[in-house]
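This report refers to the structure that appears directly beneath it.
The values are calculated or read from the model by the stated rules, or taken from the named source; none is laboratory data. As the structure is a prediction and not an experimental result, all values here were calculated from the model. Virtual Cβ from ideal backbone geometry, glycine too; neighbours counted across all protein chains shown. Note: areas computed on protein heavy atoms with side chains; ligands, DNA, RNA excluded. Shrake-Rupley method; radii C 1.70, N 1.55, O 1.52, S 1.80 Å.
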Amino acid sequence: MRSTYSVLVENNPGVLARVAGLFSRRGYNIDSLSVSRTDDPGISRMTIVVEGEKAVLEQVTKQLRKLVDVIRVHDITDEPHVDRELVLIKVNADSGTRGDIMQIVEIFRGRIVDVGEYTSIVEVTGDEGKINAIENALKPFGIMELVRTGKVAMQRGIRTVLVED
Amino acid sequence: MLTGGQILVECLKNEGVEVIFGYPGGAVLPIYDALYDSDLLHVLTRHEQAAAHAADGYARATGRPGVCLATSGPGATNLVTGIATAAMDSVPMVAITGQVPTTMIGKDAFQEADITGITLPITKHNYLVRDVNDLPRIVKEAFYIATTGRPGPVLIDIPRDVSAGKTEYRDPGPIGLRGYMPRLAGEPAKIAAAAKLIAQAKRPVIYAGGGVINSGASEYLKKLAETIMAPVAVTLMGIGCLPGDHPLFLGMLGMHGARYTNYAVNECDLLLAIGVRFDDRVTGKVESFASHAKVIHIDIDPAEFGKNVPVDISIAGDVRTVLVDLIKNLTCNPDPAWQEKIARWKKEYPLDHSREGLRPQAVIRELSDMLQGRRYRVTTEVGQNQMWAAQHFCITRPRSFISSGGLGTMGYGFPAAIGVQVACPDELVFDIAGDGSIQMNIQELTTAVNYRLPVNVAILNNSYLGMVRQWQELFYNRRYSQTELVNPDFVKVAEAFGAEGIRVEKIAEVRPALEQAIASSRPVFLDFIVEREENVMPIVPPGEAISRMLG
Ligand SMILES: Cc1ncc(C[n+]2csc(CCOP(=O)(O)OP(=O)(O)O)c2C)c(N)n1
């Protein structure tokens with residue numbers, strides 16, 4: 001099973017180490033983790049995607065809640081939510097292939113954000129399926145480098161993961 | 001204007017701290033300088049590990065947080081085993097360390113160690129103080145976190161420029177930790193559900209642990225047990241939560257549990273787990289643990305529910321508060337057949353009672369008998385000595401059996417006993433030790449002598465790392481690799497330190513020797529030359545179900 005957690009933490013030094021350390025110490029598998037501060041500079045939000053059996057996932061929530069710097073933990077896997085990831089892909093490109101690449105990027109509503117003599121950098125945001133798909137589509141041209149941000153997620157509608165829910 | 005060191009002293013006094021166990025060094029000089037003028041008692045140990053264990057012993061004996069203090073780098077890292085020991089056994093502790101000045105952090109400065117990084121997994125929380133103005137708030141939070149909810153160690157790392165820096169002392173005001181709100185009362189619906197399960201049970205067993213002692217719930221545990229007539233099996237940490245001479249007391253369960261205890265757990269139809277964490281030494285093979293039982297789990301730490309063993313009803317809350325509420329809800333119909341069955345097992349499979357030869361079990365039984373009716377505390381080291389003490393000592397009060405359960409730290413018992421003796425100056429304190437374990441912190445005899453702490457150490461001297469030898473005997477074909485010890489003369493060691501030493505070689509000498517130790521106002525090493533290859537029985541082989549004991 002795979003779960004997505006939205007986690008609010010105090011923006012204290014070392015908080016990322018505390019969270020990451022918890023995962024490594026207990027042997028939990030982090031699929032992706034993205035973290036940045038929120039509109040409140042005292043609070044950061046982490047989106048953590050974890051792979052594991054049900055019992056493990058239950059422990060993840062409980063152990064996260066135990067950390068003093070963790071304010072809220074919300075498992076949003078089964079709630080309607082939007083999730084996005086940003087990827088930058090540096091792909092081999094010359095005058096012969098550039099047109100094809102542009103076409104593909106167009107279909108995925110991506111953008112070409114840099115063009116070099118032999119390369120292009122493609123930027124795409126989307127859910128995991130879309131990112132995987134464009135990666136596959138560009139593979140035949142030769143991917144030189146690929147960077148993904150990891151997933152960020154937010155519930156749909158008026159539901160929120162805020163400090164006082 | 002006060003220095004950070006002076007502010008720290010103020011904060012400690014505000015927290016009601018009376019004693020600190022520690023060891024100085026360059027990075028904590030401003031703190032030591034402030035201590036010089038304060039009326040806090042500082043106990044100078046001979047090793048920082050011992051300072052941590054002493055603070056831990058003090059905390060376990062009193063229920064109040066233990067405080068230890070060390071310098072940066074090696075001083076701080078020497079605390080690590082003591083902090084981990086406290087963490088595993090949920091002991092309230094505040095460890096204070098010096099750090100290199102903030103400007104030097106990250107430069108591999110002399111005696112720099114990233115102690116907040118190192119102790120991340122073994123503290124409940126920790127702090128690196130970057131600004132002297134934060135000190136009052138951090139100290140207040142540290143004590144609050146260490147002592148509330150599930151207790152545990154909190155570390156405060158203070159750079160030298162922070163402890164030397166000057167500012168006005170300001171009260172930090174109320175604590176505002178939005179991510180930390182321990183819950184005390186159990187959910188009423190769950191308590192009602194638990195009461196219903198209890199009413200349906202025919203063969204209940206209570207499995208009680210350190211959480212009962214931590215929350216001061218012993219009285220209510222007794223009331224619960226008597227109301228539903230459930231026998232009480234305890235963990236190593238739970239020893240003392242029900243008097244050892246109570247008719248419902250079943251003793252320790254698990255790897256070295258008595259046969260009747262493990263059988264009772266194996267056959268119960270309801271297991272009431274209270275303030276416990278289903279440690280693997282307790283459960284043995286998890287799939288077979290209390291496999292016929294519904295399980296109710298009461299604990300202050302919700303993360304314990306389902307961590308190791310699935311439970312039917314989990315009640316998060318302070319054990320004492322939950323028990324008070326639960327008892328109000330109880331109706332029950334105890335089945336006399338269950339009581340009879342347990343009584344039969346008890347008769348059929350008693351723990352070893354023999355007092356022939358100088359056997360370690362006999363020494364412990366003599367000591368236990370002699371101390372009944374007096375005020376005493378027992379600490380233990382780790383190994384066979386610890387298990388024999390757990391099996392054979394009749395402990396009648398909470399907080400009077402003090403042992404490293406979770407981490408199993410050899411070298412714990414003696415410094416812990418020092419902390420206990422500081423906390424309880426009018427009580428008799430005995431450390432039950434192995435000859436291996438006592439040598440792990442034997443230097444603390446100087447501390448005991450210096451501070452006139454008449455701690456007694458009963459060394460069960462088998463010239464082996466006995467518990468490891470036992471495993472080698474049982475599971476490694478008697479290949480005694482590196483477990484035979486060549487020991488110093490413990491009597492002479494004691495004398496050299498300015499303490500008393502007594503050697504005992506015959507069972508008839510045990511009582512007079514113990515009497516002499518009890519009467520002595522000095523620390524005493526009792527060197528009991530016990531049968532060398534005695535084993536702790538019964539034993540559940542690792543990975544087996546607890547009903548499948550040897551011996
Ligand atoms: C610090 C530490 N190192 C190693 C061990 C592993 N260990 C567990 S019991 C034991 C033997 C203890 O020997 P001793 O203190 O002589 O006690 P006995 O078992 O003979 O009573 C050892 C080495 C431990 N628990 N703690």
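Residues in the stretch A:25-43 include at least one that is within 14 Å of chain B (Cβ to nearest Cβ), within 29 Å of B:Arg183 (Cα to Cα) and in a strand (DSSP E or B).
The residues of the stretch A:44-61 that are within 13 Å of another protein chain (Cβ to nearest Cβ), touching a residue at least 40 places away in the same chain (Cβ under 8 Å) and among the β-branched types (Val, Ile, Thr), listed by number, are A:Val60, A:Thr61. Hey, does the stretch B:518-534 have a residue that's in contact with a helix residue (DSSP H, G or I) (Cβ under 6 Å, 6 or more places away or on another chain), away from chain A (no Cβ under 14 Å) and more than 16 Å from the ligand (Cβ to nearest atom)? So far as the stretch B:518-534 goes, yes, one or more of its residues are in contact with a helix residue (DSSP H, G or I) (Cβ under 6 Å, 6 or more places away or on another chain), away from chain A (no Cβ under 14 Å) and more than 16 Å from the ligand (Cβ to nearest atom). Applying the criterion of at least 3 residues that are farther than 25 Å from B:Met537 by Cβ and away from the ligand (no atom under 11 Å from the Cβ) to the helices (runs of 4 or more DSSP H) found wholly in the stretch B:401-511 leaves B:413-423, B:445-450, B:490-497. Filtering the stretch A:1-19 to residues that are farther than 23 Å from B:Arg130 by Cα and within 14 Å of chain B (Cβ to nearest Cβ) leaves A:Val7, A:Leu8. For first residues located in the stretch B:164-176 and under 23 Å from A:Gly42 (Cα atoms), partners that are outside any loop (DSSP other than H, G, I, E, B) and of a type in the set (D, E, K, R) and lie 6+ apart or on another chain with Cβ distances below 7 Å form the pairs B:Pro172/B:Arg137; B:Pro172/B:Lys140; B:Ile175/B:Lys140; B:Ile175/B:Glu141.
For the stretch B:296-347, taking the residues that are within 14 Å of chain A (Cβ to nearest Cβ) and part of a helix (DSSP H, G or I), the one that is surrounded by the most Cβ atoms within 10 Å (Cβ to Cβ) is identified as B:Glu304. The residue of the stretch B:87-118 that is most open to solvent (accessible area, probe 1.4 Å), among those that are among the polar types (S, T, N, Q) and more than 11 Å from chain A (Cβ to nearest Cβ), is B:Thr103.
For the stretch B:535-543, the count of residues that are touching a residue at least 40 places away in the same chain (Cβ under 8 Å) and part of a helix (DSSP H, G or I) is zero.
Flag set for B:Ala390, criterion: more than 11 Å from the ligand (Cβ to nearest atom), closer than 22 Å to B:Arg469 by Cβ and either in a helix (DSSP H, G or I) or modelled with pLDDT of 95 or more (or both). Selection of the stretch B:360-388 for residues being among the aliphatic types (A, V, I, L, M) and closer than 19 Å to B:Thr85 by Cβ yields B:Val378, B:Val382, B:Met387.
Just one of the listed residues (B:Asn456, B:Asn462) is open to solvent by less than 40 Å² (accessible area, probe 1.4 Å), modelled with pLDDT of 95 or more and over 21 Å from B:Asp56 (Cβ atoms), namely B:Asn462. The C-beta contact set for the stretch B:403-423 (first residue aromatic (Phe, Trp, Tyr), second residue open to solvent by 10 Å² or more (accessible area, probe 1.4 Å) and more than 9 Å from the ligand (Cβ to nearest atom), distance under 8 angstrom, 6+ apart or interchain) comprises B:Phe414/B:Ile442. Of B:Gly244, B:Gly238, all but one fail to be open to solvent by 10 Å² or more (accessible area, probe 1.4 Å), assigned to a loop (DSSP other than H, G, I, E, B) and small (Gly, Ala, Ser); the exception is B:Gly244. Among the candidates B:Ala61, B:Ala70, B:Ala84, the residue that is more than 23 Å from A:Asn11 (Cα to Cα), surrounded by fewer than 23 Cβ atoms within 10 Å (Cβ to Cβ) and out of contact with any His (no Cβ under 8 Å at 6 or more places or on another chain) is uniquely B:Ala84.
Restricting attention to helices (runs of 4 or more DSSP H) lying wholly within the stretch B:1-119, give those where 3 or more residues are over 30 Å from B:Asp426 (Cα atoms).
Helices (runs of 4 or more DSSP H) meeting the threshold: B:4-14, B:29-36, B:74-88, B:115-118.
Restrict the check to the stretch B:129-148 and report whether at least one residue is under 17 Å from A:Ala17 (Cβ atoms), open to solvent by 10 Å² or more (accessible area, probe 1.4 Å) and of a type in the set (A, V, I, L, M, F, W, C). Checked against the condition, which is being under 17 Å from A:Ala17 (Cβ atoms), open to solvent by 10 Å² or more (accessible area, probe 1.4 Å) and of a type in the set (A, V, I, L, M, F, W, C), the stretch B:129-148 yields no hits at all.
Here A:Gly110 meets each of (1) more than 14 Å from chain B (Cβ to nearest Cβ); (2) out of contact with any strand residue (DSSP E or B) (no Cβ under 6 Å at 6 or more places or on another chain) with one exception, condition (2).
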